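The values are calculated or read from the model by the stated rules, or taken from the named source; none is laboratory data. As the structure is a prediction and not an experimental result, all values here were calculated from the model. Here Cβ is always computed from backbone atoms with ideal geometry, including for glycine, and neighbour counts include all displayed protein chains.
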Amino acid sequence: MESVKKLKNELKDKSFNEIETINIKIRSEEDVYSGYNYDNNEVLNPTLADFLVEKAEAVPLKSKLRLKFFSDSNIEAHELFSAIKNKFKGEFALAERQLKKTALFSLVVLVIGILFLGLFVLEEIFFKNIVLSILLEIASWVFVWEAVDAFFLQRMALREKCRNMARIYDAEMELVILDIDKLEEKHKN
């Protein structure tokens, strides 16, 4: 129980940092750029993008991100930073479109649910068929619940994704060229 309290206190203390640095080791251009690039290095390697997203999600929202790349290969800083910005600008735009689609979907499903609810009320007043009544009631609540789920729960996750994409896009970026093998040997000793 004490270890839980200790971990919570450690996480609280960390959340007050203004800038959180994510350190990334790059061994070669294949670590950075997609293997499908032909002419230029504009497409980010999906593994690196996933790594950045995973690390950014762990950083408190109050903190600004700094991406610090350590490499011993001949990588151009502007190409690297441009590939990252392109990737996360595209991911942000995709998440924004999904937000709009989810809002529209929830509205359509809510209208369908209300129509089923209206049919249920009319059926109860005029026909009183128990089987039809149960089917209409179930259909109306399923559609209404789906609308609530899409609008509130799914959109919350998409908004969180948008915030993370924007944070990575807006991160300070730095490229440090050094001999990684010598540095790793030094840490082993």
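Computed values, structure above
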| item | result |
| --- | --- |
| Boolean, R159 is among the basic types (K, R) and either more than 30 Å from E54 (Cα to Cα) or surrounded by 14 or more Cβ atoms within 10 Å (Cβ to Cβ) (or both) | no |
| Complete set of residues in the stretch 41-91 that are part of a helix (DSSP H, G or I), of a type in the set (F, W, Y) and buried (at least 16 other Cβ atoms within 10 Å of the Cβ) | F81, F88 |
| Counted residues, the stretch 44-68 - those being of a type in the set (D, E) and touching a residue at least 60 places away in the same chain (Cβ under 8 Å) | 1 |
| Which numbered condition S71 misses (of (1) in contact with a Leu (Cβ under 7 Å, 6 or more places away or on another chain); (2) without any contact (Cβ under 8 Å) to a residue 40 or more places away in the chain; (3) of a type in the set (S, T, Y)) | (2) |
| Answer residue from the stretch 11-40, given it is surrounded by 10 or more Cβ atoms within 10 Å (Cβ to Cβ) and in a helix (DSSP H, G or I) and is modelled with the lowest pLDDT among those | K14 |
| Yes/no for K182 being at pLDDT below 90, in a helix (DSSP H, G or I) and surrounded by fewer than 16 Cβ atoms within 10 Å (Cβ to Cβ) | yes |
| Candidate set: the stretch 135-179, residues that are farther than 20 Å from V59 by Cα and not in a helix (DSSP H, G or I); chosen: the one modelled with the lowest pLDDT | D179 |
| Among the residues listed as L117, L107, the single one being at negative phi and either surrounded by 14 or more Cβ atoms within 10 Å (Cβ to Cβ) or touching a strand residue (DSSP E or B) at 6+ places or on another chain (Cβ under 8 Å) (or both) | L117 |
| Residue in the stretch 112-134 that is of a type in the set (A, V, I, L, M), part of a helix (DSSP H, G or I), in contact (Cβ under 8 Å) with a residue 12 or more places away in the chain and within 30 Å of E160 (Cα to Cα) present | yes |
| Residues of the stretch 115-157 that turn out to be under 34 Å from the mean Cα position of the chain (by Cα), among the acidic types (D, E) and over 19 Å from K101 (Cβ atoms), as a count | 0 |
